[in-house]
1. Within segment 162-169, is even one residue touching a Leu at 6+ places or on another chain (Cβ under 8 Å), modelled with pLDDT of 95 or more and not small (G, A, S)?
2. I'm checking my understanding of the structure. Among residues of segment 73-125 that are of a type in the set (S, T, N, Q) and in contact with a helix residue (DSSP H, G or I) (Cβ under 8 Å, 6 or more places away or on another chain), which one is surrounded by the most Cβ atoms within 10 Å (Cβ to Cβ)?
3. Looking at D205, is it surrounded by fewer than 20 Cβ atoms within 10 Å (Cβ to Cβ), in contact with a helix residue (DSSP H, G or I) (Cβ under 8 Å, 6 or more places away or on another chain) and of a type in the set (D, E)?
4. Please give the strands (runs of 3 or more DSSP E) falling wholly within segment 137-205 in which 3 or more residues are touching an Asp or Glu at 6+ places or on another chain (Cβ under 8 Å).
5. Step by step: first the residues of segment 363-415, then only those that are among the hydroxyl-bearing types (S, T, Y) and assigned to a strand (DSSP E or B), then the one that is nearest to Y442 (Cα to Cα). Which residue is that?
6. Yes or no: segment 442-456 includes at least one residue that is at pLDDT below 95, over 27 Å from N265 (Cα atoms) and part of a loop (DSSP other than H, G, I, E, B).
7. Counting only residues that are buried (at least 22 other Cβ atoms within 10 Å of the Cβ) and at positive phi, how many does segment 126-162 have?
8. Could you tell me how many of the residues in segment 163-198 are of a type in the set (A, V, I, L, M) and surrounded by fewer than 20 Cβ atoms within 10 Å (Cβ to Cβ)?
Amino acid sequence: MLGKKAFLTVLFLAVLFGCADEQLVLNSSVESGADLVYSDVGFTDVEGCTMCTFVVPANMSIIDGALLGLEPGSIIGLDARIAYGTLLFRNLNGTYDNPIVIRNCGGVAQVNGVGKGYTIKTESSKHFRITGGDEKGQYGIVVTGGTMGITLAHLSTHFEVDHIEVQQSGFAGIMAKTDPGCNEATWRANFLMKGVAIHNNYIHDTGGEGIYAGNSFFMGMSTPCGTQLPHEIHYIRIFSNTVRNTGWDGIQLGCATRGASIHANTIENYGLANVKAQNNGIQIGAGTGGVCYNNLIRGGTGNGMIIMGLGDNIIYNNVIDGVGNFGIFCDERYTPGPGFVFLNNTILNPKSDGIRIYAELVPRNVILNNIITNPGSYYTYSYPRKPSDAFVFMADNVNVEMSNNYFEMETASLQLQQSTASTYKVASTSPIIDMGADISAYNIKTDFNYKARLNGAGYDIGAVEN
């Protein structure tokens with residue numbers, strides 16, 4: 001029988017999994033009345049700009065929706081024939097059913113902010129979408145340079161950013177937050193960012209983070225007007241992005257207190273500047289709950305993941321391969337939840353521990369069905385520590401339910417099929433098959449490759465169900 005804390009965890013997952021992954025961008029909801037993101041705009045004239053309400057002309061840098069009289073449902077075109085400089089969008093006020101859409105027309109649109117503070121920026125806008133998508137799913141907008149490639153700032157909310165290539169930004173590729181200041185409208189009590197989707201983008205060669213959403217200081221940050229609380233984010237989805245060659249973290253999310261999901265992203269070669277505490281593949285920061293699953297993280301200088309969330313975090317089906325420190329590092333910040341749950345992750349060849357967990361203040365943590373092979377710290381520990389602590393290193397008072405994991409020094413023992421390495425499937429004779437604990441209570445239906453999770457006599461260990 002499930003205890004109260006376990007029941008709450010299962011209930012949280014049941015609510016969150018109310019919609020399938022492919023429905024997340026289709027006006028779907030994870031709870032009654034929750035605002036998320038928008039359906040396809042139905043813009044089929046990708047060869048020209050005739051379907052646009054307004055086409056941004058050359059040499060226009062500020063596009064003010066109020067001054068232009070743009071109504072909900074308007075389409076703002078970025079003409080592929082124009083070499084744009086920085087673009088600032090203000091006062092775009094769509095609705096949930098009729099967002100204002102910014103998109104390319106006539107081919108791939110180029111926006112260049114080299115040497116500037118941003119390339120594309122939004123202010124005081126809600127219910128809008130910036131998209132470079134077409135029927136082929138290509139990147140129809142290329143954003144180059146700027147300290148921030150794309151910044152969704154100054155009280156922007158209810159937005160979607162998709163199918164954009166962002167490159168060579170001085171700091172973050174995509175930033176989504178409004179920091180608190182002396183303007184009371186920016187304080188937590190007065191502003192909530194809600195209904196955000198950042199997906200299917202290609203972000204690469206950034207000086208700082210690839211994606212930086214939400215403030216890092218949930219309990220307050222210093223401003224000229226004293227310590228102020230940053231806004232929360234409700235219902236944010238960061239998924240299906242490719243993030244490569246970032247100077248700092250690949251993806252960082254903070255203050256996302258309700259309905260957060262980071263999934264199906266590929267993050268490679270992160271943390272190239274090797275700045276301590278700024279070189280993680282995925283950082284789930286203070287005040288952030290929700291789920292993190294089906295991500296592929298490879299080849300960075302720091303931790304594959306660092307988890308400092310609310311303690312209602314479910315981390316599952318991730319592949320973390322060849323990272324430069326811990327596979328996963330977990331600690332508390334503001335943590336009122338029942339505990340951290342790690343299910344069916346595959347962690348291969350981390351430079352240090354597979355999982356290091358200091359979360360001793362939460363009631364119970366769960367570590368089930370994970371693969372950890374060849375942790376680099378195995379041969380460095382001495383009494384009172386044991387070499388086996390390299391697989392899961394715990395602080396003395398951490399309460400953990402841990403079983404049915406596969407801990408081995410030889411990665412070859414998994415029998416990975418090298419011909420399909422990107423899927424991380426194993427041979428039919430692998431020792432992980434059918435050896436996992438029953439995780440049906442967590443309502444996880446698919447594996448890392450979005451195949452049925454239970455496919456045999458029992459659950460397989462690791463991210464892939466064979």
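The values are calculated or read from the model by the stated rules, or taken from the named source; none is laboratory data. Values in this document were obtained by computation on a predicted structure and should not be read as measured data. Here the Cβ is made from the backbone with ideal geometry for all residues, glycine too, and neighbour counts use every protein chain on show.
1. Let us first name the residues in segment 162-169 that are touching a Leu at 6+ places or on another chain (Cβ under 8 Å), namely none.
No, there is no match, as no residue in segment 162-169 is touching a Leu at 6+ places or on another chain (Cβ under 8 Å), modelled with pLDDT of 95 or more and not small (G, A, S).
2. The residue in question is S125.
3. Details: surrounded by fewer than 20 Cβ atoms within 10 Å (Cβ to Cβ): yes; in contact with a helix residue (DSSP H, G or I) (Cβ under 8 Å, 6 or more places away or on another chain): no; of a type in the set (D, E): yes.
No, not satisfied.
4. Numbers: elements: 141-145, 148-152, 157-162, 164-167, 174-176, 193-199.
Output list reads 141-145, 193-199.
5. Step one: list which residues in segment 363-415 are among the hydroxyl-bearing types (S, T, Y), which gives 373, 377-383, 388, 403, 406, 411, 413.
Narrowing the set further to residues that are assigned to a strand (DSSP E or B) leaves 373, 403, 406.
On the way: T373: 25, S403: 16, Y406: 20 Å.
Looking at the filtered set, the residue picked out is S403.
6. Scanning segment 442-456 turns up at least one residue that is at pLDDT below 95, over 27 Å from N265 (Cα atoms) and part of a loop (DSSP other than H, G, I, E, B).
7. Counting residues in segment 126-162 that are buried (at least 22 other Cβ atoms within 10 Å of the Cβ) and at positive phi gives 3.
8. 3
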